[in-house]
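Engineer: Below are the structure tokens for one structure; questions will follow.
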Amino acid sequence: MKLKNILIVVDNIEESVHFYNELFGLNVISRQEGNVIMSEGLVLQDAGIWKESMQIQTIPYNNTLKFMRC
């Protein structure tokens, strides 16, 4: 089995394109209404488009969250 595409929902398309280009050297193949297809099968989708089309709110998570001890 071969993985073909990965969809990542993002808050800022331009910032994310820059991040994946700088980190992995991925290039933009196509842009269309809040979606960006990058090389190696990575697809970025704007969180607003995701919510509108799927009727599901995304739950933001990022690695800079700090966990508190009780």
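Engineer: With the crude spin-label approximation of a point 7 Å out along Cα→Cβ, what separation in nm comes out for Leu3 versus Phe24?
Structural biologist: 0.8 nm
Engineer: Between Gln55 and Glu40, what length comes free when the chain is fully extended (0.36 nm per residue of separation minus the Cα-Cα distance, one decimal in nm)?
Structural biologist: 2.6 nm
Engineer: I'd like the carbon and sulfur percentage of the solvent accessible area for the stretch 1-44, probe radius 1.4 Å, heavy atoms only, ligands and nucleic acids excluded.
Structural biologist: Solvent-exposed carbon and sulfur of the stretch 1-44 make up 53 percent of the total.
The values are calculated or read from the model by the stated rules, or taken from the named source; none is laboratory data. These numbers come from a predicted model, not from an experiment. Counting neighbours? That spans all protein chains shown, and the Cβs are built from the backbone with ideal geometry, glycine included. Accessible surface is based on the protein model in full, side chains and every heavy atom, while ligands, DNA and RNA are left aside. Shrake-Rupley method; radii C 1.70, N 1.55, O 1.52, S 1.80 Å.
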